[in-house]
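Here is the structure we will look at, set down as C-alpha cells.
The values are calculated or read from the model by the stated rules, or taken from the named source; none is laboratory data. Predicted, not measured: the structure shown is a model, and the values here were computed from it. As a convention, Cβ positions derive from the backbone with ideal geometry for all residues, glycine included, and neighbour counts pool all protein chains shown.
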Amino acid sequence: MKIAIIGLGHVGSTIAYTLQGQKEISDIFLYDKQEDKLQAEYQDLRDGLILSEYPEKNIVLNDYSALGSADILIYCPGDIKVLEHESDRLAELRVTSRITREIAPKISKSGFSGLIISITNPCDVIAGYLKELLNYPAHKIIGSGTVLDTNRLRNALIDADYDASKGMIIGEHGETQVAVIDLDLSKSQKDELLSKSRYGGWSIFNVKKYTAFGIAPSVLYILKSIWNETGQPLPVSTYDSKEDIFYSYPTILSREGVVSKVDFPLMNDLSYKEELKKSIERIRENKDTI
C-alpha cells in the first residue's frame, strides 16, 4: 500500500513515524512547503527505519507526480501557531482554508484518485472543502473526526471506573461535540465526562503548544479499519447528502471508502438527536465563513 502525507508538521511527522513500521505499507510520499524541514524529517525517519522490522520502504519527497499512484492521502497541513494567539477554530479556518486552496490544484493535477483522510482543522469543514475544491466523490473523503475525542472520553470513563466501550463522541470535532454514553449516569456526571473530551486537547496544547501522540495512532486505527475491512463502526467525519455537510457518526469503512453509517439504538434518543442537530448547524456556520 502506498500512503501519501501532505503537511509534515508535528502531526504529519508523527504519523509518518507511526506508519513507517507497518508491514502493509510499501511506499510513503511526503510533502511539505518547507524543503529544509522535509529533508530533516526524512533523514530522522531513515535513521530509525533501518532498525525497523520492515525497513524496505520507498520514501519520496515533494514529488506530486508520484501522488497519482498513492492509495491513501493523509491531509494534515496547517499552522498550529495560529492557536497560540487565538483559541478560535475560525481563526484557524482562515489559515487552513487558504492553504487548502493552494494545495488542491496540485492534488488534482497529480491524478490522485484514492481515499483521503483529512485531519486539518476544523476537521469537518476542511473535509467538505476538499470535496468541493477537488470535485471529489464524497465516499472517498474521510475526516478523522471524533475518533480522537472518543479516545479522550473513553480515558475519562476508565479513570472513573466505567466501561470505556459505553461511550462515543459524534458530531463536530470541536466545541459542540456530542457524548453518547450508554450508562445510567446523571446529567452532571455526563457533562463532566464530556468536558474532559471537549477540553482535553486544549489542556495538552496549553503546555506543549501542539498535540500529536493521540492523533497519529488514531489515524493508524482508521487505516487498519480500511485495509483490513474490519466492519467496525468508527466515529469518523463523513458526508451527509441530506445535510450537505461532513460530521462524525459511527461509520463502516472499506478499501473503497465509506460503506455505511450505523445507527445505535441509543442514538434514537431525542436529546441526542437535538444535540447532534445543533452540532451540525455549528459546522454549517463555520463552513459558510469560507
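Checked against (1) of a type in the set (Gly, Ala, Ser); (2) more than 17 Å from Gln22 (Cβ to Cβ); (3) in contact (Cβ under 8 Å) with a residue 24 or more places away in the chain, Ser203 passes all but condition (3). Within the range 241-268, the residues that satisfy the criterion of being in contact with a strand residue (DSSP E or B) (Cβ under 7 Å, 6 or more places away or on another chain), without any contact (Cβ under 8 Å) to a residue 40 or more places away in the chain and of a type outside the set (Ser, Thr, Tyr) are Ile252, Val259, Lys261, Val262.
Here is a yes/no grid of residues against (1) at pLDDT 95 or above; (2) closer than 20 Å to Ala216 by Cα; (3) not polar (S, T, N, Q):
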{"position": "Leu73", "(1), (2), (3)": "yes, yes, yes"}
{"position": "Ile103", "(1), (2), (3)": "yes, no, yes"}
{"position": "Phe112", "(1), (2), (3)": "yes, no, yes"}
{"position": "Lys131", "(1), (2), (3)": "yes, no, yes"}
{"position": "Asn135", "(1), (2), (3)": "yes, no, no"}
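Considering the range 35-50, the residues that are under 18 Å from Ala70 (Cβ atoms) and of a type in the set (A, V, I, L, M, F, W, C) include one that is surrounded by the fewest Cβ atoms within 10 Å (Cβ to Cβ), namely Leu38. Looking only at residues of the range 256-278 that are surrounded by 14 or more Cβ atoms within 10 Å (Cβ to Cβ) and touching a helix residue (DSSP H, G or I) at 6+ places or on another chain (Cβ under 9 Å), we find that the one that is nearest to Ile116 (Cα to Cα) is Gly257. Looking only at residues in the range 3-34 that are in contact with a Phe, Trp or Tyr (Cβ under 8 Å, 6 or more places away or on another chain) and among the hydroxyl-bearing types (Ser, Thr, Tyr), the one that is surrounded by the most Cβ atoms within 10 Å (Cβ to Cβ) is Tyr31.
Considered as a group, the residues in the range 167-202 that are buried (at least 16 other Cβ atoms within 10 Å of the Cβ) and of a type in the set (D, E, K, R) include one that is farthest from the chain's Cα centre (by Cα), and that residue is Lys196.
Being among the hydrophobic types (A, V, I, L, M, F, W, C), touching a residue at least 12 places away in the same chain (Cβ under 8 Å) and touching a Phe, Trp or Tyr at 6+ places or on another chain (Cβ under 8 Å): is that true of Val219 here? Here the answer is no, as Val219 does not meet what is asked. With a cut-off of at least 2 residues that are within 18 Å of the chain's Cα centre (by Cα), name the helices (runs of 4 or more DSSP H) lying wholly within the range 67-148. Once the helices (runs of 4 or more DSSP H) in the range 67-148 are filtered for at least 2 residues that are within 18 Å of the chain's Cα centre (by Cα), what remains is 89-110, 123-134.
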